[in-house]
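Structure record follows, encoded as structure tokens.
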Amino acid sequence: MTDKKLRIWLIHGSNDPAISSFLREKFSAYENNNNIKIHLELITWERIWTALIEAFKNNTAPDIIQLGTSWVRTFVHMDYLDQAPEYIKTRPSINEGINKICYVNGAQYAVPWIVDTIIFAGRKDYMAQLGINKDDVKNWEGLKEVSLRVRELREKEPEIPKALAVALKLERDT
């Protein structure tokens, strides 16, 4: 194996071993393809803030971290994050707010990664009215296409109800 190492801390909210197993499998494939050793640590939301602050204070921070979206500006202000290298290119998130979070004073400090969707629900009557069936939104590409189609329809017909998003998250497994 190589002496190149990459330390990654990711936030998780579940004790489900399938999540850890899946991530370790994917990172293992990356290790093999890129001649690098990855040390992956999964940390709960309840512990990550304190763990990161202590790691930065003690100069032991990992190479790659997952931050809560509202933390990026704070970590930049505390001078804990470097600007992302210019060669880092990412596809913009379909959620423009996530794209904006990655930039502070015009400089990129983060890359959009994920936005959790725990439950995705839609009113059947509105979906039928708009010509959407459940198979249209069975994957991310379908969801994006339907979202763009609904946005276009709303521009032509403003009486079409706006989407309502409510963030509800039950207590996490710990």
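The values are calculated or read from the model by the stated rules, or taken from the named source; none is laboratory data. Just so it is clear, the structure is predicted and the values come from calculations on it, not from any experiment. All Cβ positions, even for glycine, are placed from backbone atoms using ideal geometry, and neighbour counts span all protein chains on display.
Table: residues versus (1) touching a residue at least 12 places away in the same chain (Cβ under 8 Å); (2) surrounded by 13 or more Cβ atoms within 10 Å (Cβ to Cβ); (3) of a type in the set (A, V, I, L, M, F, W, C).
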site: ILE38; (1), (2), (3): yes, yes, yes
site: ILE43; (1), (2), (3): yes, yes, yes
site: THR50; (1), (2), (3): no, no, no
site: THR69; (1), (2), (3): yes, yes, no
site: THR74; (1), (2), (3): no, yes, no
site: ASP79; (1), (2), (3): no, no, no
site: GLU86; (1), (2), (3): no, no, no
site: PRO112; (1), (2), (3): yes, yes, no
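Check PRO92, PRO62, PRO17 and return the single one that is at pLDDT below 90 and farther than 30 Å from VAL146 by Cβ. Just one listed residue meets the conditions, PRO17.
If only residues of segment 149-168 that are basic (Lys, Arg) and loosely packed, with under 10 Cβ neighbours inside 10 Å are counted, the one that is modelled with the highest pLDDT is LYS156.
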